Amino acid sequence: MTIPTIAALSRQLDKGATTSRALVDSALAAIEAGGEEARKTYTALHAEPARAAADAQDLLRRAGPRPSPLAGLPISVKDLFDEAGHTTRAGSRALEGGAPAAP
């Protein structure tokens, strides 16, 4: 399986060959298909907020020029960084259940 580059995905979005929502849905499906290994890799998924953000980017893209080449591309964030309202586990299950990061 060939994994497309960020630049290639950005071009597909620009040409209308795909949508941000389709990219997010594809990424979430790939994670789901990854089974146990994916559950170890992705300690939290924010599927509905990701879909809502993708839908918003698709609306913006249809309304005018894109704000940046990365706009609308799905990303993953390593849990070394605080995310308001979520426990920062820093890659360790030992920190699970800790206090959530402040807003």
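The values are calculated or read from the model by the stated rules, or taken from the named source; none is laboratory data. All values reported here derive from a predicted model rather than from experimental measurement. Reconstructed Cβ throughout: ideal geometry from the backbone, glycine too, with neighbour counts over all protein chains shown. The accessibility values were calculated without ligands, DNA or RNA, using every heavy atom of the protein model including side chains. Shrake-Rupley method; radii C 1.70, N 1.55, O 1.52, S 1.80 Å.
Of the residues Ala33, Ala54, only one is surrounded by 12 or more Cβ atoms within 10 Å (Cβ to Cβ) and of a type in the set (A, V, I, L, M); which? Criteria check complete, one pass: Ala54. Answer with yes or no whether Leu28 is open to solvent by less than 60 Å² (accessible area, probe 1.4 Å) and under 19 Å from Asp79 (Cα atoms). Yes. Within the stretch 9-25, count every residue that is at pLDDT 95 or above, open to solvent by 40 Å² or more (accessible area, probe 1.4 Å) and either of a type in the set (Ser, Thr, Tyr) or not in a helix (DSSP H, G or I) (or both). The number of residues fulfilling the criteria is 2. Of the residues Ala84, Ala94, Ala99, the single one that is more than 17 Å from Thr18 (Cα to Cα), aliphatic (A, V, I, L, M), under 21 Å from the mean Cα position of the chain (by Cα) and loosely packed, with under 13 Cβ neighbours inside 10 Å is Ala84. Being within 30 Å of Leu13 (Cβ to Cβ) and not polar (S, T, N, Q) holds for only one residue in Arg62, Arg93, and it is Arg62. Within the stretch 11-21, the set of residues being over 13 Å from Ile75 (Cα atoms) and touching a residue at least 24 places away in the same chain (Cβ under 8 Å) comprises Leu13, Asp14, Thr19.
When the stretch 52-79 is filtered for residues that are assigned to a loop (DSSP other than H, G, I, E, B), closer than 25 Å to Ile3 by Cα and not polar (S, T, N, Q), the ones remaining, listed by number, are Arg66, Pro67, Pro69, Leu70, Ala71, Gly72, Leu73, Pro74, Ile75, Val77, Lys78, Asp79.
Please work out if Arg62 is at pLDDT below 85 and either loosely packed, with under 12 Cβ neighbours inside 10 Å or out of contact with any Leu (no Cβ under 9 Å at 6 or more places or on another chain) (or both). So Arg62 does not fit the description; no.
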